[in-house]
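The values are calculated or read from the model by the stated rules, or taken from the named source; none is laboratory data. This is a predicted model, so every value here is computed, not measured. Note that we place each Cβ from the backbone using ideal geometry, even for glycine, and neighbour counts take in every protein chain shown.
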Amino acid sequence: MEAPAALEAWQAASRRRRRSAATRPRRREAAAAAAAAARAPGAQPEVDGGVVLRRIQEAREDLLISDFWSSALGTINRCLRKYLEQLKAPVGPLSEALGNVHLDSSPGESDVAPGSVPEETPVTGSRRLKCVCYGVGNFATCVIARDQLAFLLLFLEKCQIPRSHCWVYDPLFSQLEIAVLGTLGVVVLTENEEGKRSVYGEPTVFYMLHCGTALYNNLLWRNWSIDALSKMVIVGNSFRGLEERLLTRILQKHYPYVAKILKGREELAFPQTSQYTDVFNDTSVHWFPVQKLTQLSTDTWAFREEPDYQDCEGLEIIRNKTDEASATD
């Protein structure tokens, strides 16, 4: 389907009256069955972008009427309040660069006291946040990936982040999925960065659900300074969970930046609901308070070696083929 026609189908779906909540479970079960069939041996992939867009819209509608969405949004908002207040704080160069970041109420919130933000509406004021999404998966055929993408789109909307300020990458994306993402207005990265992306001095939210530990370790390495980390929020795997699951020696040897940042971050866990158990389990919102970062030892910041994972077993990351080829030359 051509992009304009697909976008028209998306907009038409957005204008539809929401279906009764009683019909949702049956539609979700049908979608799950269709996804399972698509993953079966010999199955043909989706070929209609309009169908994929409609299913994303349906997933969005399901999220909006769920208890999970309101609870998760409240969790994100509590984190963003503290994070954005930190960006406003007079801490030398940080406030000079980001002095115009402020909390504000969205249009039409006339019943909200001046200067306050309702729990369900996190917004960012005149300085826009940026967003980077890694590893959302094959949303054309997988219900879990589609729910995660629908959540991302709602998050961008509620936080007033333009879709053109959201960069998305998964090495498994099909050409259909890349086309659909283009129709939705987000920017699809063409290179496997392995998570090694700098915030470039800009407040940035990284949306990284169910990604490998190496991806988080690489992201932290690329931004290994108080200034850069203080501008970052990560929505992804619980660092507390990583600490509990991995042996300390494994964490320190193979994922040293995750290990070192454990005492320099704050973490709020997503709510747990039966409806989205497999979609948002073990997910937390992380931010990095300047006060905690400055308390870390000088040796912590002096270590800046790039991760290589040469002898790391069970590495859950798809490597950049160019880098792998260079390493073997």
### Query
Consider I226 against the criteria (1) more than 20 Å from the chain's Cα centre (by Cα); (2) modelled with pLDDT under 95; (3) on the phi < 0 side of the Ramachandran plot: it satisfies all of them except one. Which criterion is unmet?
(2)
#### Entry: Residue in segment 169-191 that is within 29 Å of V51 (Cα to Cα) and touching a Ser or Thr at 6+ places or on another chain (Cβ under 7 Å) present
yes
#### Entry: Test: I317 is more than 30 Å from D67 (Cα to Cα), touching a Leu at 6+ places or on another chain (Cβ under 9 Å), at pLDDT 95 or above and surrounded by 12 or more Cβ atoms within 10 Å (Cβ to Cβ)
no
### Message
Quick check on F139: is it under 15 Å from the mean Cα position of the chain (by Cα), modelled with pLDDT of 95 or more, closer than 23 Å to L64 by Cα and assigned to a loop (DSSP other than H, G, I, E, B)?
### Response
yes
### Query
Would it be correct to say that E306 is acidic (D, E), exposed (fewer than 12 other Cβ atoms within 10 Å of the Cβ) and modelled with pLDDT of 90 or more?
yes
### Query
Can you pull out the strands (runs of 3 or more DSSP E) entirely within segment 210-329 that have at least 1 residues that are touching a strand residue (DSSP E or B) at 6+ places or on another chain (Cβ under 8 Å) and among the hydroxyl-bearing types (S, T, Y)?
283-287
### Summary
The residue that is farthest from the chain's Cα centre (by Cα), considering only those in segment 169-181 that are surrounded by fewer than 16 Cβ atoms within 10 Å (Cβ to Cβ) and in a helix (DSSP H, G or I), is Q175
